[in-house]
Each structure stands twice: as C-alpha cells, then as structure tokens.
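The structure appears below as structure tokens.
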Amino acid sequence: MKRILLDTDPGVDDALAFLLAFASPEIKVEAVTTVDGNVDVEKGTRNARQLLEFLGRDDVPVARGASHPMLRPMGNAESFHGKMGLMDVVLLEPRMKVDKRAAAQLIIDEVNRLGKELTLVAIGPLTNLAAAILTDPTIPEKVGGLVIMGGAFSLTPYGSGNANAVAEFNIWHDPDAAKLVFDSGIPMVCAGLDTTMHPDYRMNKAMYAEMVVKKGKRSELIKGLCGVLVERYNGFSLHDPMAMAYVADPTMFKTEKYKVEVETTGTHTIGMTVVDRRRYHREENLKANHEVIVEVDAPRFHKMISDRVGKGG
C-alpha cells in the first residue's frame with residue numbers, strides 16, 4: 001500500500017483525484033495540504049474539507065499552505081474551475097477543523113514520521129513542497145518519492161503549454177518553487193500535458209455519460225464538476241487523476257528519464273520544463289531523478305477512472 005500526503009489546490013480535476021485516491025485500495029491518504037493555485041488557498045482549503053466530508057474521511061488532517069507563489073504574483077484558474085473552484089457543485093459548509101500546523105510543517109512531520117514509506121503527491125503548484133525542503137533540506141533523501149501533475153515537456157505532440165505557449169499551469173504558477181523542487185534531488189515522476197492532453201487518454205463524452213447515468217450523490221458530484229466542461233471542450237482532460245492513477249498502478253504507464261530544468265526568467269517561456277534530448281546529454285538524463293510519463297495504457301486507465309471515480313471502487 002502507498003501511504004501518501006496529497007498536496008493540492010482543489011479545483012475540478014483535483015476533486016476527481018480525491019475520488020480516485022479514496023476508492024483505491026493501493027492508497028492510504030495520510031494527510032492533505034492545500035496551496036494557492038486554481039483558486040486561492042482559503043477556497044481550496046474549504047474545498048478539500050468539503051470533499052473529505054463528502055467521502056466520509058474527516059479523520060484525515062488538512063493543513064492550509066501557501067497563499068501566494070514564492071517570489072512573484074500569478075493568476076488563478078477560476079475562469080476554468082468556477083469561482084469557488086468546484087464548478088457547479090454545491091456541498092455543505094465543512095465542519096472539520098483545519099490542522100493548526102502550516103502545510104510545510106505538516107509535510108516535514110509526515111516525512112519524519114513515515115520516511116521512505118511516504119510518497120508525496122503534488123497536484124498543484126509546488127510552493128508548499130519548496131517551503132518544506134527549504135526548512136529541511138534532508139527531505140529528498142528521507143521520503144519515498146514525489147509524484148506530480150505538472151510540466152509540458154514536448155516529448156509528445158501534446159506537450160505544449162496551457163498557461164503560456166510552453167508552460168503548464170502548476171509549474172508556471174510558481175516556477176521558482178518548481179525549480180527548487182526539481183533541483184533538490186528528490187526522486188520524482190511527472191504526469192504532464194504530454195499525456196494528460198493526449199486525445200486517447202482524455203475522458204470523452206461517452207465515458208462521462210456512463211459515469212453519471214446511475215443516479216446518486218457521487219454521480220451528481222461528477223456531473224456538477226464536469227458537465228459544463230465536457231460540453232465546452234468535447235470531453236475532459238484527466239490531469240490530476242492521471243498522477244493519482246500512477247500512484248495506484250504504475251504498470252499502466254511508460255516513463256522516460258530526463259534531467260528537467262525549469263525556466264524562471266524567460267519573457268515568453270517562464271515555467272517551461274526543459275529537457276535536452278541531444279545524444280551527448282544521454283548519460284546525464286539516465287542519472288537524473290526525474291521521470292516523465294510518455295505513454296498510458298488507455299483502456300486500463302479509463303477502466304480505473306470509470307470504476308473508481310465513477311462507481312467508488
């Protein structure tokens with residue numbers, strides 16, 4: 001079983017990742033930390049608690065994290081996720097308390113408690129993880145690893161940006177934090193736009209219709225999250241659920257190793273995740289701690305999403 005700490009900026013696809021995580025017998029969520037990103041951290045913390053209460057898991061600690069990127073102001077993604085972050089979903093106001101610790105401290109405490117048994121799963125900007133590593137630089141060698149949704153690596157025809165021409169939103173939102181995490185030496189696997197935007201791996205209309213056809217609280221939640229977006233974009237890209245699916249079953253994925261550099265100064269390229277595929281960088285790439293997902297077993301991935309996100313396992 002993978003014991004994870006989930007670092008998140010709860011928007012629509014984050015919510016689907018919650019549903020997947022808590023329906024996966026391979027995963028035990030030890031704690032949740034929230035970060036500014038899709039929505040501000042106050043809304044995100046509210047959304048995380050609402051989702052946990054919906055799932056009957058108010059025993060999982062939630063800590064509020066960074067309210068802004070490390071060094072520069074960046075915008076949110078409310079135009080996509082809705083003003084409150086969960087599109088058309090209406091849930092009860094959360095009753096569970098927020099952990100008194102800051103997110104970075106909770107990360108440090110969980111790493112020290114569980115060590116190599118803990119996998120960090122970051123599906124938002126990397127601000128909290130960067131703060132934790134700055135406070136305790138031994139985290140990369142203590143923890144079992146890091147799985148992120150982040151990056152656009154140009155390793156497939158779909159690996160271009162969504163925040164600018166070349167950068168994915170989570171990395172773009174706090175490129176300085178992302179650079180610190182990528183440079184820290186922590187072993188990490190990246191689910192980036194190279195695969196999450198691939199048409200074969202998206203949730204199409206037929207798959208969505210199958211997930212919401214059976215009436216119930218879960219299908220109503222999925223309909224409120226995804227209905228408008230499925231119609232608007234002729235389907236839905238499963239960004240954060242893909243990262244969580246990797247945690248549950250990495251055998252569905254093919255990865256390649258690259259040393260990843262994060263662009264922090266470019267006028268048009270800030271947040272770009274740069275890999276060098278030239279032959280004389282081959283050895284450097286093989287030694288790198290970064291793995292990028294480049295291929296997905298689509299039938300198995302879609303079955304996992306349908307069974308676990310749609311039906312609850």
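The lone criterion from (1) within 28 Å of Ala15 (Cβ to Cβ); (2) modelled with pLDDT under 95; (3) β-branched (Val, Ile, Thr) left unmet by Val292 is number (2).
For first residues located in segment 21-42 and closer than 15 Å to Asp7 by Cα and free of Cβ contacts under 8 Å to residues at least 40 places away in the same chain, partners that are buried (at least 24 other Cβ atoms within 10 Å of the Cβ) and hydroxyl-bearing (Ser, Thr, Tyr) and lie 6+ apart or on another chain with Cβ distances below 6 Å form the pairs Val41/Thr34. Among the residues of this structure, Glu261 does not count as one that is within 12 Å of Cys190 (Cα to Cα) and out of contact with any Gly (no Cβ under 9 Å at 6 or more places or on another chain). Here segment 255-306 is the region considered, the condition is being acidic (Asp, Glu) and touching a residue at least 40 places away in the same chain (Cβ under 8 Å), and the residue that is farthest from Leu126 (Cα to Cα) is Asp297. Output yes when any residue across segment 158-178 is more than 26 Å from Glu78 (Cβ to Cβ) and either among the charged types (D, E, K, R) or out of contact with any helix residue (DSSP H, G or I) (no Cβ under 8 Å at 6 or more places or on another chain) (or both), and no when none is. No, there is no match, as no residue in segment 158-178 is more than 26 Å from Glu78 (Cβ to Cβ) and either among the charged types (D, E, K, R) or out of contact with any helix residue (DSSP H, G or I) (no Cβ under 8 Å at 6 or more places or on another chain) (or both).
Condition check: more than 15 Å from Phe182 (Cβ to Cβ), under 20 Å from the mean Cα position of the chain (by Cα) and not in a loop (DSSP other than H, G, I, E, B). Does Arg308 satisfy that? Against the criterion (more than 15 Å from Phe182 (Cβ to Cβ), under 20 Å from the mean Cα position of the chain (by Cα) and not in a loop (DSSP other than H, G, I, E, B)), Arg308 qualifies. Among the residues making up segment 264-289, those that are more than 20 Å from the chain's Cα centre (by Cα), assigned to a loop (DSSP other than H, G, I, E, B), at pLDDT below 95 and not acidic (Asp, Glu) are Thr265, Gly266, Thr267, Arg277, Arg278, Lys287, Ala288. Tell me, yes or no, whether segment 52-74 has at least one residue that is at pLDDT below 95 and part of a helix (DSSP H, G or I). No - not one qualifying residue is present in segment 52-74. If you go through segment 187-199 and keep only what is touching a residue at least 60 places away in the same chain (Cβ under 8 Å), farther than 12 Å from Lys259 by Cα and among the β-branched types (Val, Ile, Thr), you end up with just Thr195. Just so you know, in segment 241-263 the residues that are hydroxyl-bearing (Ser, Thr, Tyr) and not in a helix (DSSP H, G or I) include one that is farthest from Val166 (Cα to Cα), and it is Thr255. So, in segment 246-300, of the ones that are of a type in the set (Ser, Thr, Tyr) and surrounded by 16 or more Cβ atoms within 10 Å (Cβ to Cβ), which residue ends up nearest to Thr119 (Cα to Cα)? The extreme case among them is Tyr246.
One residue stands out in segment 140-157 among those that are within 18 Å of the chain's Cα centre (by Cα) and not β-branched (Val, Ile, Thr): the one that is farthest from Glu295 (Cα to Cα), namely Gly144. The number of residues in segment 112-125 being farther than 27 Å from Gly271 by Cα and either among the small types (Gly, Ala, Ser) or touching a residue at least 12 places away in the same chain (Cβ under 8 Å) (or both) comes to 6. On the stretch given as segment 1-29, residues that are within 21 Å of Asn170 (Cβ to Cβ) and assigned to a helix (DSSP H, G or I) total 10.
The rows are residues; the columns are (1) over 18 Å from the mean Cα position of the chain (by Cα); (2) modelled with pLDDT under 95; (3) assigned to a loop (DSSP other than H, G, I, E, B).
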site	(1), (2), (3)
Arg49	no, no, no
Asn76	no, yes, yes
Met87	no, yes, yes
Leu91	yes, yes, yes
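Of all residues in segment 30-47, those being in a loop (DSSP other than H, G, I, E, B) and among the β-branched types (Val, Ile, Thr) number 2.
The values are calculated or read from the model by the stated rules, or taken from the named source; none is laboratory data. Since this is a predicted model, take the numbers as computed values, not measurements. Counting neighbours? That spans all protein chains shown, and the Cβs are built from the backbone with ideal geometry, glycine included.
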